[in-house]
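The values are calculated or read from the model by the stated rules, or taken from the named source; none is laboratory data. Everything numeric here is computed off the predicted structure, so don't read it as measured data. A quick note on method: Cβ atoms are made from the backbone with ideal geometry, for glycine too, and the neighbour counts reach across all protein chains shown.
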Amino acid sequence: MDLVPFRFLDALLLPVCLACGAGLELASELPFCAACLEDWPHETLSTGTIPGVSPVLCLWPYRGPVRRMVVRAKEEPGSPALRYLVAQLNGALAQSGLEPGALVRVPPSRRRRWRGWHLAGELALGLRAQLGWAVGPPLRRQRERPAQAGLDGRARRGNLQGTFAVGRALGRGRAAARAWVVDDIVTTGATLAECSRALRAAGVERVGGLAVARVPAQPP
C-alpha cells in the first residue's frame, strides 16, 4: 500500500525519521529519511488466515525500516510513530473493505503492564477513535508464560495454550458477532490464535486479526 503523507507541523513533532531518527526537513511529506524510503518493503499488504483467525491483515513485512519503526514505537512511550501507524491501519481497513467489528487488544505481558505502555493497546485505542467501532470483550492473561523468543510455531502454540481468557462474563446476547484482535507484530500467529480461542469460547462468532507487520516465513 502507498505510504500516507504526514505533516510534522500538524502534530507539533520534531521532524525526524520515524524509523531511524535521522533529521528531516520540515517540508517532508513522508516521515522517513531517503535511506529508509529506499529500503522500504513495498510488497502489497498481507491478508491471510491463521487457525481460528480469518482474515488477518498486516501492513508490511517485519524487516528493515518497518522493523526499526515498530521497535521504536514499542520501546518509546508516546512515540510519534503511533499516530502514523494508526493512520496506516485505518487506511488499509478502508481500502480492504473488511467487515466492521469490535476491537480487542492483545493483553500486555507483566513487563509491559509495569512500563505502562503497550503498543497493541495504543493501536486499538487509536483505531477506535478513528473508526468509531465498539470495544470488544476485554482479554486478560490468566497466567504468565516464558518469553516466546526463539520458539518455533508449534512451541509457541504450546507455550500460550490456556493463557488468555475473557475478562468478564458477557451474558446472553452481548457477545460480538465479529471481533478484530489488534497486535503490533505477527510472528507465527500463535498469539492471535490463542486470543481467538478465548473469544470464541465467550461466544464471539468470527475473529480476525489486525497488525502493523508480519515476520516473513522462514524457509524450511
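Among (1) touching a Phe, Trp or Tyr at 6+ places or on another chain (Cβ under 7 Å); (2) modelled with pLDDT of 90 or more, where does Ser54 come up short?
Failed condition: (1).
Which residues, taken from the stretch 31-55, are of a type in the set (A, V, I, L, M) and buried (at least 17 other Cβ atoms within 10 Å of the Cβ)? Let's see the steps before the verdict.
Restricting attention to the stretch 31-55, the residues satisfying the condition of being of a type in the set (A, V, I, L, M) are 34-35, 37, 45, 50, 53.
Selection gives Ile50, Val53.
Quick grid of which residues meet (1) crowded, with 21+ Cβ neighbours inside 10 Å; (2) under 14 Å from Ser46 (Cα atoms); (3) under 13 Å from the mean Cα position of the chain (by Cα); (4) at pLDDT below 90:
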site	(1), (2), (3), (4)
Gly64	no, no, no, no
Ala73	yes, no, yes, no
Glu76	no, no, no, yes
Leu85	yes, no, yes, no
Gln95	no, yes, no, yes
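Would you pick out the residues in the stretch 97-121 that are modelled with pLDDT under 85 and within 13 Å of the chain's Cα centre (by Cα)?
Taking the stretch 97-121 first, the residues modelled with pLDDT under 85 are 108-117.
Selection gives Pro108 alone.
Can you tell me how many residues within the stretch 188-220 are free of Cβ contacts under 8 Å to residues at least 60 places away in the same chain, part of a loop (DSSP other than H, G, I, E, B) and not hydrophobic (A, V, I, L, M, F, W, C)?
Residues meeting the conditions: 6.
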